[in-house]
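Participant: Sending over a structure as structure tokens; questions will come in a sec.
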Amino acid sequence: MKTSNFNELKKVVGNFKDAKVLVLGDLILDEFIWGDVSRISPEAPVPVVWVKNESFMPGGASNVANNLRSLGAEAYIVGVVGDDERGAILKGELRQKGINTDGIIVDNTRPTTLKTRVVAHHQQVVRIDKENTEHLNEDVFGRMMAYLENTIKKVDAIIIEDYGKGVITANMLKKIIPAAKAAKKIIAVDPKEEHFKYYKGVTVITPNNHEASKAVGFEIKDASGLKKAGSALLNKLGCKIALITLGEDGMAVFQRKRPMSCIPTVAQEVFDVSGAGDTVIASYTLSLSAGADPIQAAHISNCAAGIVVGKVGIAVVTPDELLARIKKELGKELPSGSFVQ
């Protein structure tokens, strides 16, 4: 990591506590059922899980806000939950973590989006989803827009977390992106591949390899294809930065009139990639808000992602953990044979 010395990145992380970030998107409650497997069911060739514990974590846009708050920022969240027990649990979890939930609208026409993961011996056995992906009704949409228009003025950045569950629509972004740009706010998007045409004019977009390939219309197979895809994304969306995450090959940063910058992964052991993209966009946007340049922000978010994939379940990062990993990674060279060389 030769881009910055430790003191420069430490200063950025130290500034996290002064940042205010609004997260708009699909709110999800992640339920974990923890247990053990000792036999196969006599009814079907599936494992029988003996349940020992159950827990809940904020997921989707909620997890982005959770990551922001864990890193020290002031987080505001905007989205919908159902008028149900799961919605109450999710709001309670967010409030307990110190996240501003005034922008969460209760919609009695839809359930709270729930993802239930059954985990045995640190391995996910099955995931069960409950959701309604219809677009919001006019009343809920209007209430959400009113909150957004008031709150954008108070924050440094807005993160649009699009999981395709009905909250993020072309109509919404036609109003929000110009308002945020007029207020000179950073606008970051974690995209849904079917919605790329919605995101024109944002500051930064953070697709993974697969999403970027779908957006540009060709598969990214090597460094040449990666450069072509990054350039195409910048031109297609008119954004300032494209950050393409590459899994075990790290990430690549693209800016207008600048060469591609590649950052190798820092993950040492991968236990669970659930929520890693949430950590990337939270830490990247927060770093930009805290004074980092696009390459410094990528190094910081790469370290944050490397930490969370080494934890089981939906995880977050603390500033102390992040600084320790940054310090450890300083001076490391890009591995030979890496996809991003």
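Participant: Which condition number in (1) farther than 23 Å from VAL189 by Cβ; (2) touching a Phe, Trp or Tyr at 6+ places or on another chain (Cβ under 9 Å); (3) buried (at least 24 other Cβ atoms within 10 Å of the Cβ) is the one that GLY60 fails?
Facilitator: Going through the list (1) farther than 23 Å from VAL189 by Cβ; (2) touching a Phe, Trp or Tyr at 6+ places or on another chain (Cβ under 9 Å); (3) buried (at least 24 other Cβ atoms within 10 Å of the Cβ), GLY60 breaks only (1).
Participant: Hey, could you check the stretch 319-332 for residues that are under 15 Å from SER301 (Cβ atoms) and open to solvent by 20 Å² or more (accessible area, probe 1.4 Å) and say which is modelled with the lowest pLDDT?
Facilitator: Here is the first cut: in the stretch 319-332, the residues under 15 Å from SER301 (Cβ atoms) are 319, 321-323, 325-326, 329.
Imposing the further condition that a residue be open to solvent by 20 Å² or more (accessible area, probe 1.4 Å) reduces the set to 319, 321, 323, 325.
Working: PRO319: 94, GLU321: 93, LEU323: 93, ARG325: 90.
Among those that are under 15 Å from SER301 (Cβ atoms) and open to solvent by 20 Å² or more (accessible area, probe 1.4 Å), it is ARG325.
Participant: Identify the residue in the stretch 125-171 that is over 20 Å from ARG110 (Cβ atoms) and polar (S, T, N, Q) and, among all such residues, is most open to solvent (accessible area, probe 1.4 Å).
Facilitator: ASN150
Participant: Ok, one more. Just checking, how many residues over the stretch 210-240 are within 24 Å of GLY166 (Cα to Cα) and either touching a residue at least 40 places away in the same chain (Cβ under 8 Å) or open to solvent by 70 Å² or more (accessible area, probe 1.4 Å) (or both)?
Facilitator: Residues that pass the stated criteria total 5.
Participant: Same structure again: Quick check: anything in the stretch 299-313 on the phi < 0 side of the Ramachandran plot, open to solvent by 40 Å² or more (accessible area, probe 1.4 Å), at pLDDT below 85 and out of contact with any Gly (no Cβ under 8 Å at 6 or more places or on another chain)? Write out each step before concluding.
Facilitator: If we filter the stretch 299-313 for residues that are on the phi < 0 side of the Ramachandran plot, which is where we start, we get 299-312.
So of that shortlist, the ones also open to solvent by 40 Å² or more (accessible area, probe 1.4 Å) come out as 311-312.
Of the ones still in play, those that are also at pLDDT below 85 are 311-312.
Checking the rest, the ones that are also out of contact with any Gly (no Cβ under 8 Å at 6 or more places or on another chain) come to 311-312.
Scanning the stretch 299-313, I find at least one residue that is on the phi < 0 side of the Ramachandran plot, open to solvent by 40 Å² or more (accessible area, probe 1.4 Å), at pLDDT below 85 and out of contact with any Gly (no Cβ under 8 Å at 6 or more places or on another chain), so the answer is yes.
Participant: On to the next question. Can you tell me which of (1) farther than 14 Å from TYR76 by Cβ; (2) among the charged types (D, E, K, R); (3) in contact with a helix residue (DSSP H, G or I) (Cβ under 7 Å, 6 or more places away or on another chain); (4) touching a residue at least 24 places away in the same chain (Cβ under 8 Å) is the one LYS185 doesn't meet?
Facilitator: Unmet condition: (1).
Participant: Further, regarding this structure: Looking at ASP30, ASP102, ASP26, can you tell me which residue is open to solvent by 10 Å² or more (accessible area, probe 1.4 Å) and not basic (Lys, Arg)? Steps first, answer last, please.
Facilitator: Details: ASP30 fails: open to solvent by 10 Å² or more (accessible area, probe 1.4 Å); ASP26 fails: open to solvent by 10 Å² or more (accessible area, probe 1.4 Å).
The unique qualifying residue is ASP102.
Participant: Among the residues of the stretch 284-298, what is the count of those that are part of a helix (DSSP H, G or I) and either touching a Cys at 6+ places or on another chain (Cβ under 8 Å) or open to solvent by 20 Å² or more (accessible area, probe 1.4 Å) (or both)?
Facilitator: Keep residues of the stretch 284-298 that are part of a helix (DSSP H, G or I), which gives 284-289, 294-298.
Subsequent filtering for residues that are either touching a Cys at 6+ places or on another chain (Cβ under 8 Å) or open to solvent by 20 Å² or more (accessible area, probe 1.4 Å) (or both) retains 288-289, 294-296.
Residues meeting the conditions: 5.
Participant: Still on this structure, please answer the following. With GLU8, GLU54, GLU43, GLU31 as the choices, which residue is in a loop (DSSP other than H, G, I, E, B) and either without any contact (Cβ under 8 Å) to a residue 40 or more places away in the chain or at negative phi (or both)?
Facilitator: Numbers: GLU8 fails: in a loop (DSSP other than H, G, I, E, B); GLU54 fails: in a loop (DSSP other than H, G, I, E, B); GLU31 fails: in a loop (DSSP other than H, G, I, E, B).
From the options GLU8, GLU54, GLU43, GLU31, the qualifying one is GLU43.
Participant: Right, here's the next one. If you check ASP190 against the conditions, is it under 18 Å from the mean Cα position of the chain (by Cα) and of a type in the set (Asp, Glu)?
Facilitator: Values: under 18 Å from the mean Cα position of the chain (by Cα): yes; of a type in the set (Asp, Glu): yes.
It is true that ASP190 is under 18 Å from the mean Cα position of the chain (by Cα) and of a type in the set (Asp, Glu).
The values are calculated or read from the model by the stated rules, or taken from the named source; none is laboratory data. Everything numeric here is computed off the predicted structure, so don't read it as measured data. All Cβ positions, even for glycine, are placed from backbone atoms using ideal geometry, and neighbour counts span all protein chains on display. Each accessible area value is taken on the protein alone, full model and side chains, heavy atoms only, with ligands, DNA and RNA left out. Shrake-Rupley method; radii C 1.70, N 1.55, O 1.52, S 1.80 Å.
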